[in-house]
Every structure is written in structure tokens, then in C-alpha cells.
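Chemist: Before I ask anything, let me first share the structure, which is written out below as C-alpha cells.
The values are calculated or read from the model by the stated rules, or taken from the named source; none is laboratory data. From a predicted model like this one, the values you see are computed outputs, not experimental measurements. We place every Cβ from the backbone using ideal geometry, glycine too, and count neighbours over all the protein chains shown.
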Amino acid sequence: MSTNTMKAVRLHRFGGPEVLRFEDVPVPALNPGEVLVRARAVGVNPPDWYLRDGYTAVPNFKPPVTLPVIPGSDVSGVVTAVAPDVQGLSVGDEVFGMVRFPSFGDSAAYAEYVAAPASDLATKPNGIDHVQAAGAPMAGLTAWQFLVELGHAEPNPFQPVPHSPVPLDGRTVLVNGAAGGVGHFAVQLAKLRGARVIAVASGGHEAFLKEIGADQFIDYTTAQPEEVARDVDVVLDTVGGPATGRFLRTLKRGGALFPVFLGFSDAEEAAERGVTVSMAQVRSNGAQLAQLGRLLDAGKVRVAIDGTFPLAEASRAHERAARGHIRGKIVLTVA
């Protein structure tokens, strides 16, 4: 491999995990405002497998994709080059970030080198390693932008008005899918904001979720959460889909239902119950990530790692994701 090429994972056609190919590609060139990051670890997220299979699992969403394409957005690594107009980052700095999301391209994250807008990055916390840092950006920012601060003024693709987080101090927050990537960050952030937290997951995750801040646990395999929880102020449903409307009956009048995924179709019932339903499109934000990084560095928030796989075995990581019941994040390591 020459100094002008690198190893990366690309897909030349859509399909299952087997379409992910580990191959030589050009090292991305830097544009103004960018730095080149030598990746040490790469986070695996749902948009990666949505792209891989041609968005068949996402209703009414078919963005144009030019193949071949490198998937991925979350990276942690070391800065190896800096565009002349970039300030605040230098060669040798350890950084992490969610790169260009919700877009993607040839400088995406499943690669040895990633060209990233400096504004998408934050200094990697000293208190965590690159694997943990790579697991944080998308999941952590999703929880942050839903529950703490939206942090941007971009048009909302899901609804005509911007999403607006609500005060959590003294409120009861239910997190569905609490053991997953977004869910386990949401549990911790809601707790830090002063909420009483109800975590919904399968039974094997109870001890873990209580350890990171859940006050009450509901095992969805033995009880329907909408039949157990009552007088909730906020529901963050990280599972979402058409079934998310069932959580309306858990909420107080004036409460809020935040589905992370598309599919909610019970607007009339929500209006009758006086419940606000709102969604956000997570977007790259280095400044917010720096705030989250300080919490990670202080040990106030932690990243759970379900498992790691070498970059060359990205297909195995996607196979693991397809089996579900993930605790925290799956991460690819880069030699």
C-alpha cells in the first residue's frame, strides 16, 4: 500500500453484510475547513446498515447514492494533517466526532483515514480510549439533541417545526430500548438533568441499567411497558416505528413523546390526550460533543461497548447488529 492509498470498507452494491468489501482506496484530500484523521476506532450505527441495504428498512426515504461508497460517520483517532484555514486543531491531536451526518461520501468513517470538517470534531477525552470515544458521537448526540439541546437551526425533515427538548428536572422520563446505543446515553443524561428514569429493555440488562442511573426497570419480555408505566412526563422511544403510539397512554396530559425513528401514526390520539409528539434529525456538532466529552472525561457518563471487530471484519459487526439485543455500541478497531 502506497502513501496515497489506504484500506477502507466500501459497498459496490446493496445487500446484506456480505457486500461490505475491505479494499484499497485513495486517501481523501483535504478541503478547506477540514483535518485528516488517522482512525483508531470507528463506531457502527443504524444508518450504516440502512445505507448498506439500500434503505429498504426506512419507509419513504430513498436518498441518491453513488456507488461504490464508504459507510460510517463516527470516528476516533489522531490528526495527521490540517487545512491551512483550520484553527484550534493541530497534527497529533486526538479527536473524535460524527462526520458530516446526515450526509456521507468517500471520506466517511469505515477507513484508515477520514477527512473531517474541524467543526464536527472535539478533543478526545483523556479518560476514555479510542474504542469508547468512537462509540459516543452519534448515539450520544442523538440523546443530547432530543433531551438536552437541539443545537442547530436546520429545517426539520420530520415535521414543520423544530424539535424542542423539555425541562427534565423533577420529571419522570421513560426510555424505551434503554440498553442500546442511544438508550443508554439517554438514561444517563436524563438522570444528570434531574429526572426520575424508567428504563425499558429485556431482562438481562436490568443490573446494567440500574448501575448507570435507572430508577425503575421494566422487562418488556414479561410485561407490556404501556400497561405498567403511568404519569410519565417524557417518553424517548429509541425503538420507534408504528408501535410507538402505544406509549401515549403512559403519559400525563401535557407530556411529550419523542420517537427516534419514523412510523408514528396516532396524531389524533396524541391531540386528544394533550401530548406533544416531536422528532429530531441528529446532526454533527463538535461543540455539543465537547460538552459530552467533558462528562465522559469526568466519569459522569460512560460508553458501554457491546463488542469490537477489526475494520476488515465490518461484515461480522453488521451480522452482530442484525441479531439485536445490543448493550451499548459496536465498534470497529483500526490497526
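Chemist: Would segment 141-157 turn up any residue that is on the phi > 0 side of the Ramachandran plot and surrounded by fewer than 23 Cβ atoms within 10 Å (Cβ to Cβ)?
Modeler: Checked against the condition, which is being on the phi > 0 side of the Ramachandran plot and surrounded by fewer than 23 Cβ atoms within 10 Å (Cβ to Cβ), segment 141-157 yields at least one hit.
Chemist: More than 25 Å from H205 (Cα to Cα) and either aromatic (F, W, Y) or touching a strand residue (DSSP E or B) at 6+ places or on another chain (Cβ under 6 Å) (or both): which single residue out of S265, S284 fits that description?
Modeler: Every option except S284 fails the conditions.
Chemist: While we're here: Evaluate the following for V65: is it of a type outside the set (G, A, S) and under 13 Å from the mean Cα position of the chain (by Cα)?
Modeler: When the stated conditions are applied, V65 does not pass them.
Chemist: Can you name every residue in segment 287-309 that is in contact with a strand residue (DSSP E or B) (Cβ under 7 Å, 6 or more places away or on another chain), assigned to a helix (DSSP H, G or I) and among the aliphatic types (A, V, I, L, M)?
Modeler: Matches in segment 287-309: L289, A290.
Chemist: Now, a different point. In contact with a Leu (Cβ under 7 Å, 6 or more places away or on another chain) and either assigned to a loop (DSSP other than H, G, I, E, B) or in contact (Cβ under 8 Å) with a residue 60 or more places away in the chain (or both): does that describe P71?
Modeler: Working: in contact with a Leu (Cβ under 7 Å, 6 or more places away or on another chain): yes; either assigned to a loop (DSSP other than H, G, I, E, B) or in contact (Cβ under 8 Å) with a residue 60 or more places away in the chain (or both): yes.
Considered against the rule, which asks whether it is in contact with a Leu (Cβ under 7 Å, 6 or more places away or on another chain) and either assigned to a loop (DSSP other than H, G, I, E, B) or in contact (Cβ under 8 Å) with a residue 60 or more places away in the chain (or both), P71 comes out as yes.
Chemist: I'm checking my understanding of the structure. Among residues of segment 1-29 that are closer than 18 Å to T80 by Cα and surrounded by fewer than 17 Cβ atoms within 10 Å (Cβ to Cβ), which one is modelled with the lowest pLDDT?
Modeler: Ranking the candidates gives M1 first.
Listed here are the residues, each with its yes/no results for (1) buried (at least 20 other Cβ atoms within 10 Å of the Cβ); (2) in contact with a helix residue (DSSP H, G or I) (Cβ under 9 Å, 6 or more places away or on another chain); (3) outside any loop (DSSP other than H, G, I, E, B).
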residue	(1), (2), (3)
L67	no, no, no
S76	yes, yes, yes
A81	no, no, yes
G88	no, yes, no
F96	yes, yes, yes
A116	yes, no, yes
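Chemist: Next up: Can you find a residue that is in contact (Cβ under 8 Å) with a residue 24 or more places away in the chain, over 25 Å from P155 (Cβ atoms) and surrounded by 22 or more Cβ atoms within 10 Å (Cβ to Cβ) anywhere in segment 251-258?
Modeler: Within segment 251-258 (the criterion being in contact (Cβ under 8 Å) with a residue 24 or more places away in the chain, over 25 Å from P155 (Cβ atoms) and surrounded by 22 or more Cβ atoms within 10 Å (Cβ to Cβ)), the answer is yes, since at least one residue qualifies.
Chemist: Step by step: first the residues of segment 22-41, then only those that are small (G, A, S) and in contact with a helix residue (DSSP H, G or I) (Cβ under 7 Å, 6 or more places away or on another chain), then the one that is farthest from A118 (Cα to Cα). Which residue is that?
Modeler: A41
Chemist: Among the listed residues A134, A179, identify the single one that is touching a helix residue (DSSP H, G or I) at 6+ places or on another chain (Cβ under 7 Å), surrounded by 24 or more Cβ atoms within 10 Å (Cβ to Cβ) and under 20 Å from L295 (Cα atoms). Lay out the reasoning, then the answer.
Modeler: Working: A134 fails: touching a helix residue (DSSP H, G or I) at 6+ places or on another chain (Cβ under 7 Å).
Criteria check complete, one pass: A179.
Chemist: Now for a different question. Just for segment 102-114: of the residues that are under 18 Å from N31 (Cα atoms) and modelled with pLDDT under 95, which one is surrounded by the fewest Cβ atoms within 10 Å (Cβ to Cβ)?
Modeler: S103
Chemist: Ok, one more. For segment 200-217, name all the residues that are in a strand (DSSP E or B), in contact with a helix residue (DSSP H, G or I) (Cβ under 7 Å, 6 or more places away or on another chain) and surrounded by fewer than 24 Cβ atoms within 10 Å (Cβ to Cβ).
Modeler: Within segment 200-217, just F217 meets the criteria.
Chemist: Have a look at V239, V234, V197 and point out the one that is assigned by TED's automatic domain parsing to the domain that holds D266, part of a loop (DSSP other than H, G, I, E, B) and within 15 Å of A143 (Cα to Cα).
Modeler: Residue meeting the stated conditions: V239.
Listed here are the residues, each with its yes/no results for (1) over 16 Å from M279 (Cβ atoms); (2) without any contact (Cβ under 8 Å) to a residue 60 or more places away in the chain; (3) outside the structural domain of K62 (by TED's automatic domain parsing).
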{"position": "E149", "(1), (2), (3)": "no, no, yes"}
{"position": "G180", "(1), (2), (3)": "yes, no, yes"}
{"position": "A207", "(1), (2), (3)": "yes, yes, yes"}
{"position": "Q224", "(1), (2), (3)": "yes, yes, yes"}
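Chemist: Name the residue that is surrounded by the fewest Cβ atoms within 10 Å (Cβ to Cβ), counting only residues in segment 30-60 that are more than 27 Å from V303 (Cα to Cα) and touching an Asp or Glu at 6+ places or on another chain (Cβ under 8 Å).
Modeler: Looking at the filtered set, the residue picked out is P32.
Residue-wise test of (1) assigned by TED's automatic domain parsing to the domain that holds P47; (2) of a type in the set (G, A, S); (3) farther than 23 Å from R100 by Cα.
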site	(1), (2), (3)
V114	yes, no, no
P117	yes, no, no
P157	no, no, no
I212	no, no, yes
F217	no, no, yes
